[in-house]
Structure formats: C-alpha cells, structure tokens
1. For the range 103-119, take each phi angle, set θ = phi - 60°, evaluate the Karplus expression 6.51 cos²θ - 1.76 cosθ + 1.60, and give the result in whole Hz per residue in order, putting x for glycine and proline.
2. Below 8 Å between Cα atoms, with a sequence gap of 6+, how large is the relative contact order for the chain in percent?
3. Return the whole-Å distance between the Cα centroid of the range 106-123 and the Cα centroid of the range 40-63.
4. Give the peptides 52-62, 38-48 in descending order of average Cβ contacts within 10 Å, highest first.
5. Within 12 Å, Cβ to Cβ, of Gly26, how many net charges do the neighbouring residues add up to if Lys/Arg are +1 and Asp/Glu are -1?
6. How many percent of the accessible area of the chain is carbon or sulfur, using a 1.4 Å probe?
7. Classify the range 28-128 from the C-alpha gyration tensor, please: rounded if a/c falls under 1.5, else prolate or oblate depending on whether a/b exceeds b/c.
8. Quick one: putting +1 on the C-beta of Lys and Arg, -1 on the C-beta of Asp and Glu, what dipole do you get for the chain around its Cα centre, in Debye to the nearest 20?
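The values are calculated or read from the model by the stated rules, or taken from the named source; none is laboratory data. No experiment lies behind these values; they were computed from the predicted model shown. Positions of Cβ are generated from backbone atoms using ideal geometry, with glycine treated the same way; all protein chains shown enter the neighbour counts. Accessible surface areas use protein heavy atoms only, side chains included; no ligands, DNA or RNA. Shrake-Rupley method; radii C 1.70, N 1.55, O 1.52, S 1.80 Å.
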Amino acid sequence: EVLESGMDLNDAAGELNMGVVVSQSGAELNGAVLGDDGKAAPGAVVTMIPDPPRPELAYLYQRTNTDQNGIFRIRGIAPGKYRVIAWQELEPGEQFDPDLARANEDKSLSLTLGEGEHQVMTLVSVSP
C-alpha cells in the first residue's frame with residue numbers, strides 16, 4: 001500500500017518503529033495464444049493490466065511476446081487483480097492507455113493472483 005499511497009511521517013511523535021517485509025514470491029502466469037483460426041499465434045503480445053487500470057503504477061503492468069509456438073510466460077507478478085489480453089500487435093507503451101484497456105475489456109480475461117501463485121490460461125489474440 002505504501003507504494004501506492006506513500007507514507008507521511010511528519011506527525012510521528014517520539015520514536016517510530018517500522019518493519020519492512022520484502023518477498024521474492026511473485027506470481028507466475030503461463031499460457032498459449034491462439035489466432036482467429038484456432039492455431040498458435042507466434043509473436044502475439046500478451047499484456048497484464050491492473051484492474052482497475054493504474055498507469056501511474058507502471059510496475060504492475062506486464063508485457064511479453066509469445067514464442068514460435070504461441071506460448072508465453074510472465075514471472076514476478078505482484079499479487080492482485082488483473083485483466084489479461086493478447087494482441088496481434090501492440091505499440092510499445094500502449095498497454096498503459098486506460099481507454100484502450102476499457103475499450104477491449106470484453107475481450108480480456110479477469111485474473112486474481114496471490115503471492116507465489118501459478119496459473120495457466122489460453123487466450124485468443126485481438127486487434128487494437
């Protein structure tokens with residue numbers, strides 16, 4: 001929460017004790033992307049967008065391409081709720097556009113990941 005809202009210590013009276021917990025147990029998402037023809041979609045762009053979109057928190061956004069067999073893997077995902085969508089093509093940075101995310105929400109899949117969780121999904125690529 002501190003990364004999102006910050007922390008104000010101006011009103012702290014006296015001694016302040018604080019603990020910080022850092023975890024390397026990011027979530028992982030693996031899957032496959034298919035084209036409209038039902039065949040593997042090599043080179044498709046897979047994006048994970050926080051739900052709701054938060055462009056000011058770029059670290060929550062994930063983007064990767066499928067391999068020659070239409071397979072993708074995303075590691076180190078922060079726990080939370082996401083929308084996942086596969087694109088036939090997508091310009092760099094477009095995943096941060098909340099209007100594009102809203103316009104294609106019906107083509108995305110909702111996903112909630114916990115710390116260290118691993119999920120698998122199959123997506124169909126869309127045009128922006």
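1. So the J values, rounded to whole Hz, are 5, 10, 4, 5, 9, 9, 10, 7, 8, 10, 10, x, 4, x, 6, 10, 10.
2. On the way: 246 pairs, mean separation 42.4, N = 128.
Relative contact order of the chain: 33 percent.
3. Here the answer is 12 Å between Cα centres.
4. Numbers: 52-62: 14.4, 38-48: 18.7.
Output ranking for 52-62, 38-48: 38-48, 52-62.
5. Details: positive: Arg75; negative: Glu28, Glu115, Glu117.
It works out to a net charge of -2.
6. So the carbon and sulfur contribution to the accessible surface is 48 percent.
7. On the way: a/c = 1.73, a/b = 1.20, b/c = 1.44.
It is oblate, given that a/c is not under 1.5 and a/b is not larger than b/c.
8. On the way: 9 positive and 20 negative charges, 104 e Å.
Here the size comes out at about 500 debye.
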